[in-house]
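The values are calculated or read from the model by the stated rules, or taken from the named source; none is laboratory data. Since this is a predicted model, take the numbers as computed values, not measurements. Methodologically, a virtual Cβ is constructed for each residue, glycine included, from the backbone with ideal geometry; neighbour enumeration extends over all protein chains shown. Side chains are part of the model used for accessible areas, which takes the heavy atoms of the whole protein and leaves out ligands, DNA and RNA. Shrake-Rupley method; radii C 1.70, N 1.55, O 1.52, S 1.80 Å.
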Amino acid sequence: MKKQNSRKDFLLNAAGFLTAATLSQYCSTVSKTRYSGSESVEPLASAHDLGLTDPILIVLNAGISAPNPHNTQAWKFKVHSSMSAVLYVDEDRVLPATDPTYRQIHIGQGCFLELASIAAGALHMELNITLLPEGYSLPRDLGRKPIAKLELKPATEQRSDPLAAMIGKRHTVRSAYDGPLITESELTQLA
């Protein structure tokens, strides 16, 4: 009888690249909650429910819910240890017809990094991000060279980003706005 691998085993032992699509298959799906197998809509709590204990996997689980162009989730990862991974563009998920310069896809990479950093802080860790650790030239290096190297370490001081509580609530609203209109005084204050 063949033993079934856990999500954690799969994620840590996956040969080659782990794409966002694969990670989300194991960590989150569209279901009655945002994260399959969990009662929580918050990715840090859902990671625990899903059996993810390695800090890097918890941070990746949160990061993949970042906003990204056309919802393609063009991220792929090489997980090196429980504390480090490398982020690449998943070249199979880019949309050259709508993003011929790959600008939007790289903005999505930045959104992933920001959300991963916020999630790390919520775990009382620091996420050291080394951008373009091997250099980078488009379009030749798209998907071949990393966007960033991610390394977690314990935080030297305990601080949490106030946006951490909003990670699970972040989503794109596509319905017509039907709330109150901005008042003249609010508009003046913003200006």
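Below are the figures for this structure:
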item	result
Candidates L127, L138 - the one that is surrounded by fewer than 19 Cβ atoms within 10 Å (Cβ to Cβ) and either within 15 Å of the chain's Cα centre (by Cα) or not aromatic (F, W, Y) (or both)	L138
Cβ pairs under 6 Å, 6+ apart, first in the range 137-156 and on the phi > 0 side of the Ramachandran plot, second open to solvent by less than 80 Å² (accessible area, probe 1.4 Å) and of a type in the set (F, W, Y)	G143/Y88
Residue within the range 107-119 that is open to solvent by 60 Å² or more (accessible area, probe 1.4 Å), small (G, A, S) and closer than 22 Å to G51 by Cα present	no
Residue within the range 159-167 that is in contact with a Pro (Cβ under 9 Å, 6 or more places away or on another chain), in a loop (DSSP other than H, G, I, E, B) and open to solvent by less than 80 Å² (accessible area, probe 1.4 Å) present	no
Residue count for the range 168-180, restricted to those that are of a type in the set (A, V, I, L, M) and surrounded by 10 or more Cβ atoms within 10 Å (Cβ to Cβ)	0
Total residues in the range 141-158, condition open to solvent by 100 Å² or more (accessible area, probe 1.4 Å) and either in contact with an Asp or Glu (Cβ under 9 Å, 6 or more places away or on another chain) or not in a loop (DSSP other than H, G, I, E, B) (or both)	2
Positions within the range 96-106 being open to solvent by 70 Å² or more (accessible area, probe 1.4 Å) and not basic (K, R), in sequence order	P96, A97, T98, P100, T101
Residue list for the range 78-113, filter: free of Cβ contacts under 8 Å to residues at least 40 places away in the same chain, closer than 17 Å to M125 by Cβ and small (G, A, S)	S81
Selected residue (criterion: nearest to Q104 (Cα to Cα)) from residues of the range 44-65 that are in a loop (DSSP other than H, G, I, E, B) and either touching a residue at least 60 places away in the same chain (Cβ under 8 Å) or open to solvent by 10 Å² or more (accessible area, probe 1.4 Å) (or both)	S65
